[in-house]
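These notes are about the structure you will find just below.
The values are calculated or read from the model by the stated rules, or taken from the named source; none is laboratory data. This is a predicted model, so every value here is computed, not measured. Here the Cβ positions follow ideal geometry from the backbone for every residue, glycine too, while neighbour counts run over all protein chains shown. When the accessible area is computed, the model is the full protein with side chains, heavy atoms only, and any ligands, DNA or RNA have been set aside. Shrake-Rupley method; radii C 1.70, N 1.55, O 1.52, S 1.80 Å.
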Amino acid sequence: MKNKKILVVLGGNSGERKVSLESGKACIKALKKIGYKVSTFDPKKKSLNLIDRSKVDIIFNALHGKEGEDGVAQSYFEYLQIPYTHSGIISSHNAMNKVISKEIFKKNKIITPRYFVIKKKNYQKNRLSIVVK
């Protein structure tokens with residue numbers, strides 16, 4: 001296993017770029033410490049479809065937020081046929097979409113707090129307090 005080439009994908013374009021860079025660096029340090037060959041890839045600098053699959057055995061997905069945890073990055077990894085850490089495309093998409101998650105919980109009788117959806121185009125701060133009561 002230690003001969004495997006691990007590509008840590010970190011950074012990206014989301015609002016969570018900074019935390020992704022930090023967690024990615026921690027992963028790199030830990031993987032190198034136990035003897036793995038590690039390289040990095042930042043989708044902010046190059047598109048995910050430019051990953052050279054001949055140089056990668058496994059992808060460690062350290063991306064956070066949009067395009068990292070919502071199934072987008074995972075779809076590239078699967079297209080490139082490179083095994084990766086993280087949930088698959090559909091699970092990632094469903095988990096990042098809170099309304100879909102809530103509906104799955106309800107359907108499976110998982111206790112979850114009541115909720116309501118506020119659409120951005122309909123958002124009016126002065127009316128929110130009426131709905132919440």
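Quick check on my filter: what residues within the stretch 65-88 are of a type in the set (A, V, I, L, M, F, W, C) and under 23 Å from Lys18 (Cβ atoms)?
Result: Val72, Ala73, Phe77.
Please go through the stretch 95-112 and give me each residue that is assigned to a helix (DSSP H, G or I) and either touching an Asp or Glu at 6+ places or on another chain (Cβ under 9 Å) or open to solvent by 80 Å² or more (accessible area, probe 1.4 Å) (or both), ordered by number.
The answer is Ala95, Met96, Lys98, Glu103, Lys106, Lys107.
Just to be sure, is Ala62 hydrophobic (A, V, I, L, M, F, W, C), touching a Ser or Thr at 6+ places or on another chain (Cβ under 6 Å) and open to solvent by less than 40 Å² (accessible area, probe 1.4 Å)?
Here the answer is yes, as Ala62 does meet what is asked.
For Val56, work out the one condition from (1) crowded, with 20+ Cβ neighbours inside 10 Å; (2) of a type outside the set (D, E, K, R); (3) within 28 Å of Lys98 (Cα to Cα) it doesn't fulfil.
(3)
Take the stretch 88-97 and flag every residue that is modelled with pLDDT of 90 or more and within 11 Å of Gly68 (Cα to Cα).
Of everything in the stretch 88-97, those that are modelled with pLDDT of 90 or more and within 11 Å of Gly68 (Cα to Cα) turn out to be Ile89, Ser92, His93.
What are the pairs, 6+ residues apart or on separate chains, where a residue within the stretch 46-61 that is acidic (Asp, Glu) has its Cβ under 8 Å from a residue that is part of a loop (DSSP other than H, G, I, E, B) and open to solvent by less than 90 Å² (accessible area, probe 1.4 Å)?
Asp57/Lys4; Asp57/Ile82; Asp57/Pro83
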